[in-house]
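Report on the structure given below.
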2 protein chains.
Amino acid sequence: MRKLINAPDDFVDEYLAGILAAHPGALRAVSGDGRALARADAPVPGRVGIVTGGGSGHLPVFLGYVGRGLATAAAVGNVFSAQSGDAAEAAVRAADSGAGVLCLYGNYTGDRLNFDLACDLAADDGITTRTVRFTDDAASAPPERAAERRGVAGLFFGYKCAGAAAERGDPLDAVTAIAARTNAATRSAGVGLAPTIIPATGRPTFTLEPGEMEIGIGIHGEPGIRRGPLQPADAVADQLLDTVAPELDLARGDRVAVLVNGLGATSREELYILFRRVAARLGDLGVGVHRTWVGEYATSMEMAGASLSLLKLDDELAGLLDAPASSPFFREGP
Amino acid sequence: MRKLINAPDDFVDEYLAGILAAHPGALRAVSGDGRALARADAPVPGRVGIVTGGGSGHLPVFLGYVGRGLATAAAVGNVFSAQSGDAAEAAVRAADSGAGVLCLYGNYTGDRLNFDLACDLAADDGITTRTVRFTDDAASAPPERAAERRGVAGLFFGYKCAGAAAERGDPLDAVTAIAARTNAATRSAGVGLAPTIIPATGRPTFTLEPGEMEIGIGIHGEPGIRRGPLQPADAVADQLLDTVAPELDLARGDRVAVLVNGLGATSREELYILFRRVAARLGDLGVGVHRTWVGEYATSMEMAGASLSLLKLDDELAGLLDAPASSPFFREGP
C-alpha cells in the first residue's frame, strides 16, 4: 500500500482528528464517538438543517461540505461503509433548530437504512425530517430504473442549491423540493483508470489491465458500462457527455453547470483537458455554461479517473449555485 | 501512461485552453502563443505587479495563483521545463502598471535565466523589476548552501504574503522585502511514494521499489536525503518536521502557518493524518498554529507523496496571510 497512514483501523478517526485540528472553530463533534460532526454554530436558528453522510474515503464528500450555505452536519462511516445509525441520529439532532431537517445523501443501501432509522428515532422526539437521495450516476442503472441509481459527484450541486435555499430561510418542504429538483436535473458519469486500495484490507476496489479504462465505473469500483483500451481525452470526454447529456433534453439556449471531478490521482491539468472538450461540445449544441467547477469534489482516495456532472439550470437553481458558501474545503463568493 | 490526454505535445496548450474556457473573465492570454497569462484586469493601476511562472505539471502552481491578492501574471513552460524568455517578458509587461514588477518564482536554473532575460529587456523600456526566488526546500541543499535550494510548495506563502502587500498598495521595494522575508522564514520538505509520468516522454520522474519512500525528494524527482521502507504516517510526519523545523529556531510562543501539500495522488484523508501529527508535535513545542492549509497546492501531476511547509510568522506576515485573495484555484476570505 502506497499510503501515508498509521494503523489502518485508525484511518478514519485520525483523519477526522486532523480536520478538527486544522480548522478550529469550523466544526465540532456532536457524538461521543466523534463520527457525527456539525457546523460549529449548529443548529442555525430558524433555518432548516441539512444532514449528509456515508462512508469515508471521498473527501471533500461528505464532511467537507458542512458549512455556511451547504450542509449543517454529517455522519461519517468507515472507508466505503455506511455511517452508523447512532451517528446519523446524532447528526440529525445536532442540525435541527426546530425548522426540520433534510437528509441529503447518495443512494446506497446502508446509508439509506441508517438514515431512515435515524429519522424514525428523531420523529419520536418531534423532529420533522425529509429525505432526498442523489441518484445522479447515469451509468449505474438504465433510465427506467433511475430510482436505483447511485449518487456520485453531482451531490455537490445538491449541497450547493439546497444549502443556499436553507440559508436564505426557505422552509423544509421548499428546501426538499429544491434538492429533489437539483437531483432530477443532474446527471453524472465517471471513468476509471486505476483503483484505490482500501486501507483495512489492502485490496483494490477493482482491477484493470494496464492501458485499460472503464466508462461508468462507480466510486467504490462498482462495474461500469464499457471496458476497453484507454482512449484519448477527447474521446473519453465525448463518451461521458454522451452518457449524461441525452437524458437532460438539452436544447439550444439551455444553460448548465458543469463539474469535472477528479477521483483522486488524476491531475488537474487532465481535468481541464477534459473540460475543454466538454465546453466545445456544449458550445456546438448551443448550450450555455453558467458555471464550471474543475477539481477534486468527490474522490475515491487515490483512484485514477474522473467524472463529469451536468446540472440543467433554471433561473432559481442558477441563483442558488451562485450564492455564497464556505466550509474548510469549499468557498464560493463573498 | 494512465493519463487522460490527447497528443502529448498538446498537453500544455489544451489544459490552458480548458482553464480559460472554465473561468471566463478571470484570466487572459497576454502573448501570441498563449503561454503568458494575466489577471483579466492587469495591470492593476497604482499597484506593483507580481509575475511568476515555470514549467507545467504543478497546478495550481503557477497559473492558479494569478488573481486578486496573489500574482498578477504567469509565464507557462512545457511540462517540467522553464517558461520561455518571450513568455516571461510578456508576463512582466502585462503586469506593469508603472509601479514596477516583482518576479517571484522557484529557484531553478532555466526559470532564472529566462526571467532574468525578461527583466533586462523590460528595463530597456523603463520597467523596474525585482526578483525573489523561493528556496524553501530544506532537503535540497545543506544550510550553508541555502541559496542553492529549490523552491517548492512554500512558494504558496510567497504568493499570499507578497500578493497581499501589493494589493494594499505597498511600493515595489516593500513588496520585494515581504517576499524575501517570507522566503527566509519558510522551510519545506517532501516525501515521495511514487513518481509521475512525463507525457511527452512516457518516462517516470524517478523510480522507487514498491513499499519504499524517499524523504526530501524534489517535485521533479530530484534526489532526496533518505530512501527506505515506507514508514507509518506519524514517523513520516516526524521526519518532515525534523527537516524543516530546526532552521526556523522555533521557541515556545512562536506562531507558524502550516501547509500540508499533496503532490497529486495522495488522498486528502492522508494529508490530514499527517497534519494531525504535525499539530501535536508543534503543540508539544508550545508553537501556535495561526493558519493551516491541507490539500493540493503545488503538485507534480499524479506523483504520490506529500510535503510539509512551515512559515514562521510575525504580526505583519500573519496579517498578510489572512488578507482576502481569489483566483479560479484559490479563495481566501471575503
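If you build the convex hull over the alpha carbons only and average its shadow over all orientations, what do you get for the protein assembly as shown? Give it in nm² to one decimal.
26.5
Dividing the Cα radius of gyration by the Kirkwood radius, what Rg/Rh value follows for region B:128-212? Write out the running numbers ahead of the final one.
On the way: Rg = 16.7 Å, Rh = 14.9 Å.
My calculation of the ratio gives 1.12.
Only counting protein heavy atoms at a 1.4 Å probe, give the residues of region A:4-25, ordered by number, whose accessible area falls by 50 Å² or more when the other protein chains are present relative to the chain alone.
Listed in order, they are A:Leu4, A:Asn6, A:Glu14, A:Ala22.
Report B:His23's accessible area, 1.4 Å probe, all protein chains in place, as a number in Å² to the nearest 10.
30
Dipole magnitude of chain A about its Cα centre, charges +1 at Lys/Arg Cβ and -1 at Asp/Glu Cβ only, in debye to the nearest 20?
520
On the protein heavy atoms, probe 1.4 angstrom, tell me the percent of accessible surface of region A:1-150 carried by carbon and sulfur.
Values: 2440 of 5130 Å².
Its accessible area is 48 percent carbon and sulfur atoms.
Give me the net charge for the shell around A:Asp254: Cβ to Cβ below 11 angstrom, other residues only, Lys and Arg +1, Asp and Glu -1.
Once all neighbours under 11 Å are counted, the net charge is +1.
Which distances, shortest first and in nm, link A:Leu285 to the matching position in the other copies, using label points set 7 Å out along Cα to C-beta?
Taking the point 7 Å beyond Cα along Cα→Cβ, the inter-copy spacings are 5.3 nm.
Would you work out which of A:Val51, A:Phe275, A:Leu263 lies farthest towards the positive end of the dipole of the protein assembly as shown? Charges go on Cβ: Lys and Arg +1, Asp and Glu -1.
Projecting each Cα onto the dipole axis, the largest value belongs to A:Val51.
If you roll a 1.4 Å probe over the heavy atoms of the protein chains, what accessible area per residue do you get for region B:14-184, in Å²?
31
How large is Rg/Rh for chain B, to two decimals, with Cα atoms and a Kirkwood Rh?
Values: Rg = 18.8 Å, Rh = 19.7 Å.
With Rg and the Kirkwood Rh in hand, the quotient comes to 0.95.
Which whole-number percent of Cα pairs in region A:227-284 have a distance greater than 17 Å?
In whole percent, the share of Cα-Cα pairs in region A:227-284 beyond 17 Å is 40.
Reported to two decimal places, what Rg/Rh ratio describes region A:186-323 when computed on Cα atoms with Rh from the Kirkwood expression?
Computed over Cα atoms, the ratio is 0.99.
How about region A:202-305: which trypsin sites (Lys or Arg not before Pro) there are in a DSSP loop, with at most 13 other Cβ atoms within 10 Å of their Cβ?
Sites meeting the loop and neighbour criteria: A:Arg252.
At a probe radius of 1.4 Å, figure out the B/A buried accessible area, summed over both chains, and give it in Å² to the nearest 100.
Counting both chains, the buried surface is close to 4500 Å².
Counting Lys and Arg as +1 and Asp and Glu as -1, each charge on the Cβ, what is the dipole of region A:8-184 about the Cα centre in debye, to the nearest 20?
Working: 15 positive and 21 negative charges, 133 e Å.
Computed charge dipole of region A:8-184: roughly 640 debye.
Tell me, how many Å apart are the Cα centres for region B:232-280 and for region A:140-218?
32
Please state the equivalent ellipsoid semi-axes for region B:119-162: what are the square roots of 5 times the Cα gyration tensor eigenvalues, largest first, in whole Å?
Each semi-axis is the square root of five times an eigenvalue, giving 27, 14, 7 Å.
Can you figure out the FRET efficiency of A:Ala318 with A:Asp125, using R₀ = 30 Å and their beta-carbon distance, to the nearest 0.05?
So, using R0 = 30 Å, E works out to roughly 0.20.
What Rg and what Dmax come out for region B:14-184 when only alpha-carbon atoms are used, in angstroms?
When restricted to Cα atoms, region B:14-184 yields Rg and Dmax of 14.5, 46 Å.
For chain A, what is the calculated [θ] at 222 nm in deg cm²/dmol (nearest 500), taking -39500 (n - 2.57) for each run of four or more DSSP H residues and dividing by its residue count?
Value at 222 nm, helices only, nearest 500: -9500 deg cm²/dmol.
Placing unit charges on C-beta atoms (Lys and Arg positive, Asp and Glu negative, everything else neutral), compute the dipole magnitude of region B:138-237 about its Cα centre in debye, rounded to 20.
In debye, rounded to 20, region B:138-237 gives about 80.
Over region B:186-313, with every protein chain in place, what whole percent of the accessible area is carbon and sulfur at 1.4 Å, could you tell me?
Values: 2050 of 4090 Å².
Summing carbon and sulfur atoms, their accessible area is 50 percent of the total for region B:186-313.
Any idea what the B:Leu117 label distances to the other copies are, label 7 Å down the Cα→Cβ vector, nm, shortest first?
So the distances to the same position in the other copies read 6.7 nm.
Averaged across the residues of B:259-266, what count of C-beta atoms belonging to other chains lies within 10 Å of each residue's C-beta?
Counting other chains' Cβ atoms within 10 Å and averaging over B:259-266 gives 4.
Over chain A, what is the relative contact order in percent, taking alpha-carbon pairs closer than 8 angstrom and at least six residues apart? Numbers along the way, then the final one.
Numbers: 803 pairs, mean separation 58.7, N = 334.
Rounded, it is 18 percent for chain A.
Run through region A:149-219 and list the trypsin sites (Lys or Arg not before Pro) located in a DSSP loop whose Cβ has at most 16 other Cβ atoms within 10 Å.
Taking region A:149-219 and a limit of 16 other Cβ atoms within 10 Å, the loop trypsin sites (Lys or Arg not before Pro) found are A:Arg168.
Considering only the other residues whose Cβ falls under 15 Å of the Cβ of B:Gly67, what net charge follows from Lys and Arg at +1 and Asp and Glu at -1?
Details: positive: A:Arg331, B:Arg28, B:Arg39, B:Arg47, B:Arg68, B:Lys160, B:Arg331; negative: A:Glu332, B:Asp41, B:Glu167, B:Glu332.
Cβ neighbours under 15 Å give a net charge of +3.
Calculate the all-directions average of the projected area of region B:258-334's alpha-carbon convex hull, and give it in nm².
Average of the hull's projected areas for region B:258-334 equals 5.7 nm².
The values are calculated or read from the model by the stated rules, or taken from the named source; none is laboratory data. All figures in this text were calculated on a predicted structure; none of them were measured in a lab. Methodologically, a virtual Cβ is constructed for each residue, glycine included, from the backbone with ideal geometry; neighbour enumeration extends over all protein chains shown. Side chains included, ligands, DNA and RNA excluded: accessible areas come from the protein's heavy atoms. Shrake-Rupley method; radii C 1.70, N 1.55, O 1.52, S 1.80 Å.
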